[in-house]
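The values are calculated or read from the model by the stated rules, or taken from the named source; none is laboratory data. Remember, predicted model here, so these are calculated numbers, not experimental data. Neighbour counts are summed over all protein chains in view; Cβ atoms, including those assigned to glycine, are modelled from backbone coordinates with ideal geometry.
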Amino acid sequence: MFIYKIPASLNNIVKPGTCVNAPINRRMHAGFVVSVRMDSGYKGKILSIDSIRETEFHLPEELWQTLEWMAHYYIAPLGQVLKAAVPNSYLKSYKPKNIQFVEITPEGINNISTFDKKKPAQKRLLESLSCVDEPVKIASLSELISSPYTACGQLEKEGLVKIILQPQITDPFDIMGPGEVKAIQLSKEQQEIVNTVQSTEVGFHSYLLHGVTSSGK
């Protein structure tokens, strides 16, 4: 935990559970205010809180009280409890992975016929790019030349191609297989329970399944 001053402009805003930006080793980091006091008792230099993060990062008073209770009950540091309660991604901005695309420039098109014959792979790359009207993913060029990233980087330095970075958009359905229906063989006790539930008249009914954990309830 660290001690910071509260700027006058934030006096009525900062309270336990407030997410703030504060300097640590000349870099700005996010953190939560643990307590607010009129005097810290510390005589050294105290830095000031820089700003308030977005309001959605603030922890409600009820949740903050729960975290304090957990720290006291389990004799654990409040920071450790807070780290376990708040996802790491909660305080970090999401940066999608970039994918590199390449497209030929007008200068590259004009230089194809006079391009250095000692660089056949790069010339072949320029010829292929001149046949398409949109940027091409560099990774897909590995079938054309052995080192597409290196070749594109060299051609970009000469102004013959342009490398474009585009954020990768992940489709969550790509990782979902079609699935398959599995035949489940119930045990004798399980089948008796299913039969009982299915034979009950329409309406609300309560059932109690007794058994230890992982017994197949």
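List of remarks:
- Residue within the range 1-18 that is in contact with a His (Cβ under 9 Å, 6 or more places away or on another chain) and not in a loop (DSSP other than H, G, I, E, B) present: no
- Hits in the range 128-140 - residues which are more than 29 Å from the chain's Cα centre (by Cα) and surrounded by 15 or more Cβ atoms within 10 Å (Cβ to Cβ): 129
- Per the conditions (1) over 28 Å from the mean Cα position of the chain (by Cα); (2) closer than 23 Å to residue 15 by Cα; (3) at pLDDT 90 or above; (4) among the hydroxyl-bearing types (Ser, Thr, Tyr), the sole criterion not satisfied by residue 66 is (1).
Okay, residues lined up against (1) more than 16 Å from residue 79 (Cα to Cα); (2) loosely packed, with under 12 Cβ neighbours inside 10 Å; (3) not assigned by TED's automatic domain parsing to the domain that holds residue 85:
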site	(1), (2), (3)
2	no, yes, yes
17	no, no, no
26	yes, yes, no
31	no, no, no
47	yes, no, no
52	yes, no, no
62	yes, yes, no
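- Residue satisfying all of: in the range 151-169; loosely packed, with under 10 Cβ neighbours inside 10 Å and part of a loop (DSSP other than H, G, I, E, B); modelled with the highest pLDDT among these: 168
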